[in-house]
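Q: First, the structure itself, so that you have it in front of you.
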Amino acid sequence: MKCSACRARLGAYQDRELDATAAARVEEHLRACEACRRLAETMARAECGLQQLSALEPSVDFTHAVMARIAAQPAMATGRPRLTWLGVYDLIAWLVVVGLAAAGVLRWQAVVAEIGVWAGKAAVAGDVLYRIAQHFHLTTLALAGGACEIAIALMVFVAMGRSLDSTTLRGVRTTS
Ligand SMILES: [Zn+2]
């Protein structure tokens, strides 16, 4: 038997999966070949180590302990500072609007009328919505709220675009 043939059968031999004839031929080669004998010993040790590893049983509360450790970790950064910033900006804008309205500085009717004109220019649907709201004196506040959200979003996008442009320009200037 050649070394390659012996090594190909070593795993099966050690797992006692070879028939008697094949096992005898492997044993015969191992007695004659030191290199293959060493390999067989190494494989046997590895097998033994693996069996010891599989004998390691996790403690009963292993999963619970791991989950508790994960829960105890400090919260990771959300990775969405822009969205967080947007939310904060939105909240502040609303607080300002509510504060102004409460102080009587902002008159909702005037705001709604302004928005209605703007919406009418922008889209027919907006105008229709405005007319319906005016006619039934309904959802004026909701309409104003939605329009405010759109206006805030537009302002934010414009601000973002400007900051983006200035960064790009700066990049161009430094590279040129
Ligand atoms: Zn050999």
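Q: Working carefully through the options ARG45, ARG37, find the one that is under 24 Å from SER4 (Cβ atoms), within 16 Å of the ligand (Cβ to nearest atom) and of a type in the set (Lys, Arg).
A: Going through ARG45, ARG37 in turn, just one is under 24 Å from SER4 (Cβ atoms), within 16 Å of the ligand (Cβ to nearest atom) and of a type in the set (Lys, Arg): ARG37.
Q: If GLU57 meets every condition in (1) within 16 Å of the ligand (Cβ to nearest atom); (2) loosely packed, with under 10 Cβ neighbours inside 10 Å apart from one, which number is that one?
A: GLU57 satisfies every listed condition except (1).
Q: Only one residue in LEU50, LEU30 is without any contact (Cβ under 8 Å) to a residue 60 or more places away in the chain, more than 16 Å from the ligand (Cβ to nearest atom) and of a type outside the set (Ser, Thr, Tyr), so which one is that?
A: Checking each option against the conditions leaves just LEU50.
Q: Scanning for something at pLDDT below 70 and either surrounded by 10 or more Cβ atoms within 10 Å (Cβ to Cβ) or of a type in the set (Val, Ile, Thr) (or both), does region 64-78 turn up at least one residue?
A: Checked against the condition, which is being at pLDDT below 70 and either surrounded by 10 or more Cβ atoms within 10 Å (Cβ to Cβ) or of a type in the set (Val, Ile, Thr) (or both), region 64-78 yields at least one hit.
Q: Let me ask something else. Taking region 1-27, which residues are in contact with a helix residue (DSSP H, G or I) (Cβ under 9 Å, 6 or more places away or on another chain), more than 8 Å from the ligand (Cβ to nearest atom) and part of a helix (DSSP H, G or I)?
A: ALA5, ARG9, LEU10, GLY11, ALA12, TYR13, GLN14, ALA22, ALA23, ARG25, VAL26, GLU27
The values are calculated or read from the model by the stated rules, or taken from the named source; none is laboratory data. None of the values given here were measured: they were computed from a predicted structure. Virtual Cβ from ideal backbone geometry, glycine too; neighbours counted across all protein chains shown.
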